[in-house]
Amino acid sequence: MTSKVLLIYTGGTIGMNRNPQTGALEPFDFEHLLNRVPELAQFQTEIATHQFNPPIDSSDMSPRLWTELAHIIADNYEAYDGFVILHGTDTMAYTASALSFMLENLSKPVILTGSQLPIGQLRTDGKENLITSIEIAAARRQDGTAMVPEVCIYFNSHLMRGNRTTKQSADEFNAFESFNYPHLADAGVQITYHEEFIHRPQATTFRPHTTTLHPQATTFRPQFRLDNNVIIFSLFPGIREDLIRHIIATPNLRAIVMRTFGSGNAPQSPWLLSALREGTRCGKVIINISQCLQGTVEMSRYDTGYRLQEAGVISGYDGTVESAVTKLMYLQGKYDNPEQVRKFMRQSICGEITV
């Protein structure tokens, strides 16, 4: 049976042409995609396209546009076997993380990809990224279920879990990596799927509007509401007390992603612990994420971690900043009670952390 894939172009370098008069990069019409990538005609896959109008620079990505993407996928969910989202690289990991939470109980592939060079340039990485992403989105197991039923990023021959992935380079074709989780697939002469690492819907899933995790699969149910009353800040030697207290006291702020040193350490300044404790007491959720690209937060390893725990700070484990901030937006859109948000920040919903 022929697979059907919906290709969604949001913007980004992959869909750019160089204007011969001005030399500037500008988006091309994806209705003529087959003319640009004739290799797609060799697929035994039906490919339809949906284009953001106008296309956006990924620096302008926002929760509103994540909701729009979730609606596009939800509205076309029954008609297609998989989805490929062409996206600028700068915020791709944020979008992949957000969609992994919003598309609850996903059973079909949603593959984000893009390129470092426009698809029309001679040395472009865009063609391989696009072609392989479509092949993965269309791939099925022998029982007919999707080979990779989760939100992923495919880049430079590697398929990675979206909510585990971070952009690591602005210049290299190997732009993304999932430092704390193995690749889901690697593409060489053949595409090798690492099925033991792939999240499947019959595994433990998160059921909306409840306070527990359930072991049985449930039907696809997208979540469209996000609450972006969250901020990220990084600790550094010499950080000022007045600025931190000002951030924590910000009206309407509900959550903070605090980027700490090493395995989750922070200065032992009494004022910092006092400010964090006051923020927790006022209902703010504070998540501890390491500034290191690889490794995990271990708040029981050093005394500084214990003190953060005593102040009400929650471990972000081995999660990424992108995953932590979008998970908070998702949970805050679902729950008004900060204790409910804290409860689920400590749990893995769709493979975003190792607990």
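The values are calculated or read from the model by the stated rules, or taken from the named source; none is laboratory data. Computed from a predicted structure; not experimentally measured. Cβ: placed from backbone, ideal geometry, glycine included. Neighbour counts: every protein chain shown. When the accessible area is computed, the model is the full protein with side chains, heavy atoms only, and any ligands, DNA or RNA have been set aside. Shrake-Rupley method; radii C 1.70, N 1.55, O 1.52, S 1.80 Å.
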Notebook entry, point to check: According to a simple spin-label model (label point 7 Å from Cα along Cα-to-Cβ), what is the distance in nm between Leu235 and Glu298?
Noted result: 1.7
Item checked: GNM top mover of Asp125, Asp303, Asp57 - the chain, alpha-carbon springs below 10 Å -> Asp303
Check: Nearest 20 debye, what's the magnitude of the dipole of the chain about its Cα centre given +1 on Lys and Arg Cβ and -1 on Asp and Glu Cβ?
Finding: 1020
Check: Out of residues 5 or more away from Ala185 or on other chains, whose amide H comes under 5 Å of its own, with H placed 1.01 Å from N in the peptide plane?
Finding: Leu159, His194
Item checked: Accessible heavy-atom area order of Lys4, Lys334, highest first, probe of 1.4 Å -> Lys4, Lys334
Note to self: Charges on Cβ only, +1 for Lys and Arg, -1 for Asp and Glu, centred on the Cα centroid of the chain; of Leu86, Ser274, Pro54, which one is farthest towards the dipole's positive end?
What the structure shows: Ser274
Next item on the list: Of the options Ala187, Ile119, Leu69, report the single residue whose Cα projects farthest towards the positive end of the charge dipole of the chain (beta-carbon charges: Lys, Arg +1; Asp, Glu -1).
Entry: Leu69
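Which of rounded, prolate, oblate describes the stretch 296-351, given a ≥ b ≥ c as roots of the alpha-carbon gyration tensor eigenvalues and a/c under 1.5 marking rounded, otherwise prolate only if a/b is larger than b/c?
Since a/c reaches 1.5 but b/c is at least a/b, the shape of the stretch 296-351 is classed as oblate.
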Note to self: Please list, in order along the stretch 71-78, the HN-Hα scalar couplings obtained from phi with the Karplus expression 6.51 cos²θ - 1.76 cosθ + 1.60 (θ = phi - 60°), rounded to whole Hz, x for Gly and Pro.
What the structure shows: 5, 4, 5, 5, 5, 10, 4, 6
Check: Given H placed on each backbone N at 1.01 Å, which residues far from Ile256 in sequence or on other chains put an amide H within less than 5 Å of it?
Finding: Ile231, Val285, Ile286, Ile287
Check: Ignoring ligands, DNA and RNA, what percent of the accessible area of the stretch 225-270 is carbon or sulfur (1.4 Å)?
Finding: 56
Next item on the list: Would you mind telling me the share, in percent, of accessible area of the stretch 30-137 contributed by carbon and sulfur at probe 1.4 angstrom?
Entry: 46
Margin query: With every protein chain left in place and a probe of 1.4 Å, what is the accessible surface of Arg307, to the nearest 10 Å²?
Written below: 90
Next item on the list: Check the chain and count each lysine pair with an alpha-carbon distance under 30 angstrom, considering only pairs eight or more places apart or from different chains.
Entry: 19
Item checked: Karplus (6.51, -1.76, 1.60) ³J(HN,Hα), θ = phi - 60°, over the stretch 61-69, in Hz, Gly and Pro reported as x -> 4, 8, x, 4, 6, 4, 5, 4, 4
Check: Hey, any idea what Rg/Rh is for the chain, computing Rh the Kirkwood way over Cα pairs?
Finding: 0.99
Next item on the list: Name the residues whose placed amide hydrogens come within less than 5 Å of the amide hydrogen of Ile111, ignoring near sequence neighbours (fewer than 5 apart) on the same chain.
Entry: Phe83, Val84, Ile85, Cys152
Next item on the list: Compute the accessible area per residue over the chain, keeping the other protein chains in place, probe 1.4 Å, unit Å².
Entry: 44
Notebook entry, point to check: What are the ³J(HN,Hα) values, in whole Hz, obtained from phi via the Karplus relation 6.51 cos²θ - 1.76 cosθ + 1.60 with θ = phi - 60°, for each residue of the stretch 232-246 in sequence order, with x given for Gly and Pro?
Noted result: 10, 9, 9, 6, 7, x, x, 4, 8, 4, 5, 5, 5, 5, 5
Check: Where a ≥ b ≥ c are the square roots of the eigenvalues of the C-alpha gyration tensor, would you call the stretch 75-132 rounded, which needs a/c under 1.5, or, failing that, prolate if a/b is larger than b/c, or oblate?
Finding: oblate
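Which whole-number value in Å³ per residue fits the convex hull of the alpha carbons of the stretch 97-188?
Dividing the Cα hull volume of the stretch 97-188 by its residues yields 104 Å³.
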Notebook entry, point to check: In whole Å, what three semi-axes, largest first, describe the equivalent ellipsoid of the stretch 35-193 built from its Cα gyration tensor (square root of 5 times each eigenvalue)?
Noted result: 20, 19, 17
